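Please read the structure below before turning to the comments.
The values are calculated or read from the model by the stated rules, or taken from the named source; none is laboratory data. Just so we're clear, the structure is a prediction, and the values are computed from it rather than from any experiment. Glycine also receives a Cβ, built like all others from the backbone with ideal geometry; neighbour counts cover every protein chain displayed. Note: areas computed on protein heavy atoms with side chains; ligands, DNA, RNA excluded. Shrake-Rupley method; radii C 1.70, N 1.55, O 1.52, S 1.80 Å.
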Amino acid sequence: MTKYWQVPPDCSPESGAVQEAAELLRQGKLVAFPTETVYGLGADARQSQAVEGIFTAKGRPSDNPLIVHIAGMGMLEELALAVDPVSRRLAEAFWPGPLTLVLPSRPGVLSPLVTAGLDTVGIRMPDHPVALSLIRASGCPVAAPSANRSGRPSPTLAEHVREDLDGRIDGLLDGGATGVGLESTVVQVDAEGRVHVLRPGGITLRQLAEVSGAPVVKGEGRPERAEGASSVSEGGGVETFRPRAPGMKYTHYAPQARLTIVQGSDVSAVAEAIRRGLDDARGNGEKTAVLAPEEHASLYREAADLVIPCGSLGDLSAAAAGLFAALRRMDEAGIGCAFAEGYPEEEIGLAIMNRLRKAAGGRVLEV
Ligand code: TXA
Ligand code: MG
């Protein structure tokens with residue numbers, strides 16, 4: 001049975017619900033909770049049997065390491081063997097917030113299952129009162145992946161957690177909708193002080209470059225130039241450092257529908273290509289959907305069974321916040337074939353397109 005508590009989004013560590021949830025964590029049980037990015041499924045990161053429960057509940061491959069959530073800088077020193085100056089600067093600037101730092105792990109502190117055999121650990125301090133209260137009240141470093149069944153879109157509402165994990169976990173703190181709506185940016189700083197972005201997310205490349213004053217490099221070794229940030233430079237010598245977030249290789253976020261992204265600079269050409277695809281699918285008797293910024297939604301009203309407006313071109317953060325719920329809606333509606341307009345790949349748009357491409361299994365049509 002999953003115990004369910006509704007809590008105000010600003011609740012304190014003294015709240016009765018938080019106290020009960022914290023006690024469950026200490027007992028090695030699993031509790032889902034809101035963060036500012038997505039809901040996380042938490043367990044005491046020091047107890048192997050608890051951490052194993054996370055992998056079982058989610059159906060997650062055991063070679064994909066978990067992020068450990070902390071509530072204060074003291075915990076950082078306990079978990080990390082060393083914190084290089086660039087990582088420290090990033091932590092001071094962006095914590096609490098949607099940034100995960102991959103750091104050398106202090107041996108013997110965490111369950112080895114958390115790090116999936118790596119000698120590094122991903123650490124983040126979430127910017128959500130419920131998450132911070134839970135971590136403080138439990139006194140545990142809290143290992144928490146997104147609280148979805150493996151492969152499903154990450155949960156941005158407690159309802160999404162229920163859909164995926166009801167009866168499989170011990171508790172769920174419902175603190176309402178999450179904020180950013182996409183997972184944290186995961187970075188690792190190399191020996192030369194370059195910031196490698198292993199997963200784009202809530203903190204943008206420009207922000208990383210501005211604060212670190214160091215070169216910011218995409219995880220695959222491709223240098224990334226953050227516009228307007230003079231401190232970003234080409235990342236030479238990256239061939240000796242190939243950090244990867246192991247999780248990025250798995251199918252993610254995929255709706256049951258066959259999703260295709262259509263992108264191009266000419267809006268009417270994009271709409272035209274999508275409408276043609278919709279016609280074909282309807283001809284085959286499939287139920288269809290389109291996901292597009294709200295200013296373009298009217299282009300598809302007649303052509304698709306379901307049009308899901310998702311954010312707007314003027315406000316990409318709204319698109320980020322709504323993306324995972326939009327993907328879940330396709331499944332609820334029994335959609336067989338779906339198209340998504342591409343979003344501009346700047347700022348948070350980079351993270352939006354990273355998740356959309358995964359949801360589309362790489363099906364992208366350039367027009
Ligand atoms: O916003 C978030 O980060 C959410 C909330 C709950 O905090 N958590 C989350 O966790 O997205 P998860 O497990 O779904 O994704 C963690 C990502 C994976 O891609 C994983 O491979 C990577 O972080 N990661 C974790 N530890 C790592 C490590 N030591 N080295 C490289 N990548 C790591
Ligand atoms: Mg996840």
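To the nearest 0.05, what FRET efficiency results for Asp166 and Glu14 with a Förster distance of 25 Å applied to their C-beta separation?
Values: r = 28 Å, r/R0 = 1.10.
After rounding to 0.05, the efficiency reads 0.35.
For a label point 7 angstrom out from the Cα of Asp331 toward its Cβ, which stretches of segment 57-76 have the backbone nitrogen within less than 18 Å?
Hits in segment 57-76 for Asp331 at 18 Å: 57-61.
Mind telling me which of Ser146, Ser268, Ser48 comes out most flexible in a GNM of the chain, alpha-carbon contacts under 10 Å?
Looking only at Ser146, Ser268, Ser48, the biggest GNM fluctuation is shown by Ser268.
Want the number for Gln256 to Glu302: 0.36 nm per residue separation, take away the alpha-carbon distance, what's left?
On the way: separation 46, 0.36 × 46 = 16.56 nm, distance 2.27 nm.
So the extension gain works out to 14.3 nm.
Assign one of three labels to segment 258-366, namely rounded, prolate or oblate, based on the Cα gyration tensor with a ≥ b ≥ c the square roots of its eigenvalues; rounded applies when a/c is under 1.5, prolate when it is not and a/b is larger than b/c, and oblate otherwise. Present the calculation step by step, with values, prior to reporting the outcome.
Numbers: a/c = 1.56, a/b = 1.36, b/c = 1.15.
Cα axes put segment 258-366 in the prolate bin.
Give me the one-decimal nm value for the distance between modelled label points at Ser312 and Glu295, 7 Å along each residue's Cα-to-Cβ direction.
0.8 nm
Could you work out the relative contact order of the chain? I mean the mean sequence separation of Cα pairs under 8 Å and 6+ apart, divided by the number of residues, in percent. Write out the running numbers ahead of the final one.
Values: 864 pairs, mean separation 66.3, N = 367.
Averaging sequence separation for qualifying contacts and normalising by length gives 18 percent for the chain.
Net charge near Gln47: determine it from the other residues with C-beta under 12 Å of the C-beta of Gln47, scoring Lys and Arg +1 and Asp and Glu -1. Mind showing how you got there, number by number?
Numbers: positive: Arg26, Lys29, Arg46; negative: Asp44, Glu52.
Value of the local net charge: +1.
Given a 1.4 Å probe, how much area per residue of segment 1-248 is accessible, in Å²? Could the numbers behind the result be given before it?
Details: 9430 Å² over 248 residues.
So segment 1-248 comes to 38 Å² accessible per residue, rounded to a whole number.
Among Gly334, Gly193, Gly108, which one moves the most in a GNM of the chain with springs linking Cα atoms closer than 10 Å?
Result: Gly108 has the largest fluctuation of those listed.
Considering only the other residues whose Cβ falls under 12 Å of the Cβ of Arg363, what net charge follows from Lys and Arg at +1 and Asp and Glu at -1? Don't skip to the answer; put the middle values down first.
Values: positive: Arg258, Arg357, Lys358; negative: Glu366.
The answer is +2.
How high is the relative contact order of segment 59-143, in percent, with contacts defined as C-alpha pairs under 8 Å that are six or more residues apart?
Values: 128 pairs, mean separation 37.5, N = 85.
Computed value for segment 59-143: 44 percent relative contact order.
DSSP loop GluC sites (Glu not before Pro) in segment 3-48 with at most 11 other Cβ atoms within 10 Å of their Cβ, which ones? Intermediate results must be reported in sequence, preceding the final value.
Values: sites: Glu14, Glu20, Glu23, Glu36; in loops: Glu14, Glu36.
Those satisfying the criteria are Glu14.
How far apart, in nm, are the 7 Å Cα→Cβ label points at Asp280 and Thr120?
Going by the 7 Å Cα→Cβ label model, 4.0 nm.
For Asp174, Asp266, Asp84, what's the largest-to-smallest order of accessible area, 1.4 Å probe? Please report the intermediate quantities before stating the final value.
On the way: Asp174 20, Asp266 80, Asp84 45 Å².
Solvent-accessible surface, decreasing: Asp266, Asp84, Asp174.
Count of lysine pairs in the chain with Cα atoms under 25 Å apart, counting only pairs 8 or more residues apart in sequence or on different chains?
Lysine pairs meeting both conditions in the chain amount to 9.
Considering the chain as a Gaussian network with a 10 Å cut-off on Cα pairs, which listed residue, Pro126, Pro255, Pro246, attains the greatest mean-square fluctuation?
Per the Cα network of the chain with a 10 Å cutoff, Pro246 tops the list.
How big is the charge dipole of the chain about its Cα centre, in debye rounded to the nearest 20, if each Lys and Arg gets +1 on its Cβ and each Asp and Glu gets -1 on its Cβ?
Values: 36 positive and 46 negative charges, 183 e Å.
The dipole magnitude comes to about 880 debye.
For the chain, what's the radius of gyration and Dmax over Cα atoms, in angstrom?
20.5, 61
For a Förster distance of 22 Å, can you work out the FRET efficiency between the beta-carbons of Met1 and Ala177, rounded to the nearest 0.05?
On the way: r = 25 Å, r/R0 = 1.13.
Here the calculated transfer efficiency is 0.30.
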